[in-house]
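Structure record follows, encoded as structure tokens.
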Amino acid sequence: MQAGESTTVVINDRLLKAAVRLNTWLLAVVFGCFGGLSMFAITYMSLYRGLPDTGQYLNLLGVFLPGYSVTHAGAWIGMFWGAVIGALLAAMFYRIYARSIPSQVEKYLRADHGREDLLDVTMRFDGNYLGIALGAITSIGLLVSTSWLVARGTADESRHMELLGQYLPGYEISYTGAIIGAVELFVIFYLMSLLFSWVYNSVARVRGRNLL
């Protein structure tokens, strides 16, 4: 009996890991396609909008996306970068957040397997892991983009990035400023995720009880 129970746990663990891997790939493909097609579409929208200065602000993305510009060739390059970045961000987010799934399943298995317990597990967000995932993505994005500007030697020309200093105290386009801004951005998104999860879980819990 104990051997059978042990086998069941192993199979379930493998199934859970396989499901996480599958969902990671699916989310990466979906967001990769969305990111690539979005970059392609907005590039052509900027090309044919009929204004004298085509791609006035969109061309700034060329600082971060090598080879990109608001041109016919640039649209395809932008689609490539949009697909790569979208897929990587989606995969990174899900892999971090998926760490909360085993604990949620464990809570369900420890319960009485009632309908209310199942709804409570499947409909809730883990604010801690959600905050870590979103905070990590945004802070790393800011850290990499700011450091890239400094490495390129274009820090003095990046007026738009300097505006972030109005919202992130201590942030500036430097290696030190990048670290300060990344930490602040992580804290902001982490706290926002905790608040969002608390509100969402409260609503989901009430709805779950009403369905019984």
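The values are calculated or read from the model by the stated rules, or taken from the named source; none is laboratory data. Because the structure is a prediction, the values reported are computed rather than measured. Please note: Cβ atoms are built from the backbone with ideal geometry, for glycine as well, and neighbour counts cover all protein chains shown. For the accessible areas, the whole protein counts, side chains as well, though only heavy atoms, and no ligand, DNA or RNA atoms are used. Shrake-Rupley method; radii C 1.70, N 1.55, O 1.52, S 1.80 Å.
Mind listing just one residue for me: the one in the range 180-204 that is over 19 Å from the mean Cα position of the chain (by Cα) and surrounded by 15 or more Cβ atoms within 10 Å (Cβ to Cβ) and, of those, modelled with the highest pLDDT?
Step one: filter the range 180-204 for residues over 19 Å from the mean Cα position of the chain (by Cα), giving 180, 198-199, 201-204.
Filter once more, keeping what is surrounded by 15 or more Cβ atoms within 10 Å (Cβ to Cβ): 180, 201, 204.
On the way: 180: 94, 201: 76, 204: 67.
By that ranking, first place goes to 180.
Conditions (1) at pLDDT below 85; (2) under 24 Å from residue 159 (Cβ atoms); (3) open to solvent by less than 40 Å² (accessible area, probe 1.4 Å); (4) of a type in the set (A, V, I, L, M, F, W, C), marked per residue:
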{"residue": "7", "(1), (2), (3), (4)": "yes, no, no, no"}
{"residue": "13", "(1), (2), (3), (4)": "yes, no, no, no"}
{"residue": "39", "(1), (2), (3), (4)": "no, yes, yes, yes"}
{"residue": "75", "(1), (2), (3), (4)": "no, no, yes, yes"}
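Within the range 79-91, work out how many residues are open to solvent by 60 Å² or more (accessible area, probe 1.4 Å) and of a type in the set (A, V, I, L, M). Full working, then the answer.
From the range 79-91, those open to solvent by 60 Å² or more (accessible area, probe 1.4 Å) are 80-81, 85, 88-89; that's our starting set.
Imposing the further condition that a residue be of a type in the set (A, V, I, L, M) reduces the set to 85, 88-89.
Counting residues in the range 79-91 that are open to solvent by 60 Å² or more (accessible area, probe 1.4 Å) and of a type in the set (A, V, I, L, M) gives 3.
When you go through (1) surrounded by fewer than 20 Cβ atoms within 10 Å (Cβ to Cβ); (2) part of a helix (DSSP H, G or I) one by one for residue 170, which number turns out not to apply?
Here residue 170 meets the rest and fails (2).
Do any residues in the range 14-29 that are at negative phi have Cβ atoms under 7 Å from those of residues that are open to solvent by 100 Å² or more (accessible area, probe 1.4 Å), where the two are at least six apart or on different chains, and which pairs are they?
Matching pairs, first to second residue: 24/95.
Take the range 76-99 and flag every residue that is among the charged types (D, E, K, R) and within 18 Å of residue 141 (Cα to Cα).
95
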